[in-house]
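For reference, the structure discussed in these notes is given below.
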Amino acid sequence: MKVVATVWLAALLCACSVWPAGHDPQGDVLMQNATAVLAALNHYVQVNHRVPATLRALVPRYIAALPEQPELNYSTKRSSLVFNYAPSWPTPGISACEAHFGETAFHCIDAR
């Protein structure tokens, strides 16, 4: 019985997939929220020919509200939006995602 349980557990663990950074279930939700802010930011820049002082300047004309998650780090010096998060199980560690103004997608890496 112990052998069967051990084999079953090993098979179950092998079946667990590890997603690339930013593409796990948690990352997908956060990425959608962050990409909406990035699109609003890019639209703001296109219309005003400058970046806003803060992301709050996007509300409500360019985006109805800023998402609660992810917590975005907005840097006018680096011309970027960044967020970090703990990926869904079984992926360990932290993922860091960044997009520069003018880009349409975030690029994520494992930041373990």
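Just to verify a result, which residue in segment 97-112, among those that are within 13 Å of the chain's Cα centre (by Cα) and surrounded by 15 or more Cβ atoms within 10 Å (Cβ to Cβ), is modelled with the lowest pLDDT? Filtering segment 97-112 for residues that are within 13 Å of the chain's Cα centre (by Cα) and surrounded by 15 or more Cβ atoms within 10 Å (Cβ to Cβ), the one modelled with the lowest pLDDT comes out as ASP110.
Among the criteria (1) part of a loop (DSSP other than H, G, I, E, B); (2) out of contact with any Lys or Arg (no Cβ under 6 Å at 6 or more places or on another chain), the one GLY93 does not fulfil is (2). Of the residues making up segment 32-88, those that are in a strand (DSSP E or B) and crowded, with 16+ Cβ neighbours inside 10 Å are TYR74, SER80, LEU81, VAL82, PHE83, TYR85.
Among the residues that make up segment 18-27, is at least one of them surrounded by 12 or more Cβ atoms within 10 Å (Cβ to Cβ), touching a Cys at 6+ places or on another chain (Cβ under 6 Å) and at pLDDT below 95? Yes: segment 18-27 contains one or more residues that are surrounded by 12 or more Cβ atoms within 10 Å (Cβ to Cβ), touching a Cys at 6+ places or on another chain (Cβ under 6 Å) and at pLDDT below 95.
The set of residues from segment 71-96 being within 15 Å of TRP19 (Cβ to Cβ) and over 13 Å from the mean Cα position of the chain (by Cα) comprises TRP89, PRO90, THR91, PRO92, GLY93.
Restricting segment 97-106 to residues that are in contact (Cβ under 8 Å) with a residue 60 or more places away in the chain and in a strand (DSSP E or B) leaves a set whose member that is farthest from VAL18 (Cα to Cα) is ALA99. Selection of first residues in segment 35-47 that are at pLDDT 95 or above and of second residues that are in a helix (DSSP H, G or I), restricted to Cβ pairs under 6 Å at least 6 apart or on distinct chains, gives the following pairs, ordered by first then second residue: ALA40/LEU58; TYR44/LEU58.
The values are calculated or read from the model by the stated rules, or taken from the named source; none is laboratory data. Note that the structure is predicted; figures quoted are calculated from it, not measured. Ideal geometry is used to build each Cβ from the backbone, glycine not excepted, and the neighbour counts take in all protein chains shown.
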